[in-house]
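Heads up, the thing below is written out as structure tokens.
Nothing in this text is a laboratory measurement; each read-out follows from the coordinates by a stated rule. Only a predicted model underlies this, so the values are computations on that prediction, with no experimental measurement involved. Here the Cβ is made from the backbone with ideal geometry for all residues, glycine too, and neighbour counts use every protein chain on show.
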Amino acid sequence: MNLEVILKGPVRGLGAEADLVKVRPGYARNFLFPNGLAAPVNAASKRQLEALKKRRVEREAAETAEAEEKAGRLARLVLNFELKQAEEGATKLFGSITTGEIAAALAEKGFEVEKRDIDLSKALNLIGEHEVVVHLGYAVKSTVKVKISGKTEEGDGGGEKTTKARRSRKTDAGEEKAPKEKKV
């Protein structure tokens, strides 16, 4: 049995303000009502419906204009990343650029974008320029250029590299030993 409610604000995956939706009673009682996101359908809430619809139209118009302005600024943006590569001239890199790294780089530039709004069809692990689509809401999209360059690790004169073990080891007596060095 579902309960019909009127949404007071946008709820991701459910609807926008002034939408009449049917939800499970527990979801309404435990989440929507306590957080002020919905109201039960009754005579008083039906009167408020017109005011909510008017407010929704105004809000959506303002958010669409803001998203289009943000899309214009994002289209001019170039994000630069540098990853390790095996050898000079190779196009394949160690690792790849993820949506989380792109979202973090955009946040540094002043653009708050969630990583789920960044559309990566395949991993970015090749040197060069790539175009990434960013969804800004209300069917507004923008493309951001991601430029990836590679760097090679300089050797230390041909000697062996050593790295420390990640964890310290305990002896039988319970005292800690210093981490051993591993030869790579």
task: Show the residues, 5+ positions off or on another chain, whose built amide H is closer than 5 Å to the amide H of D19.
output: L7
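Just to confirm a number: summing +1 for Lys and Arg and -1 for Asp and Glu over residues other than R56 whose beta-carbon lies under 13 angstrom from that of R56, what do you get? If you can, show how the numbers build up before the last one.
Numbers: positive: K8, K53, K54, R55, R59; negative: E17, D19, E50, E58, E60, E63.
With Lys, Arg at +1 and Asp, Glu at -1, the neighbours total -1.
Assuming a ≥ b ≥ c are the square roots of the Cα gyration tensor eigenvalues, decide whether the range 3-61 counts as rounded (a/c under 1.5), prolate (otherwise, with a/b larger than b/c) or oblate. Don't skip to the answer; put the middle values down first.
Numbers: a/c = 2.17, a/b = 1.39, b/c = 1.57.
Because a/c hits 1.5 or more and a/b fails to exceed b/c, the range 3-61 counts as oblate.
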- prompt: Full extension from E131 to K46: what is 0.36 nm times the residue separation minus their Cα-Cα distance, to one decimal in nm?
  reply: 25.9 nm
statement: Phi-derived 3J(HN,Hα) across the range 141-146 with the Karplus relation (6.51, -1.76, 1.60, θ = phi - 60°), rounded Hz, x for Gly and Pro, is 10, 9, 10, 10, 8, 10
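Calculate how large, on average over all directions, the projected area of the Cα convex hull of the range 77-151 is; give the answer in nm² to one decimal.
Projected area, direction-averaged: 4.8 nm².
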- prompt: Roughly how many nanometres apart are two label points built 7 Å out from the Cα toward the Cβ at N2 and E60?
  reply: 2.0
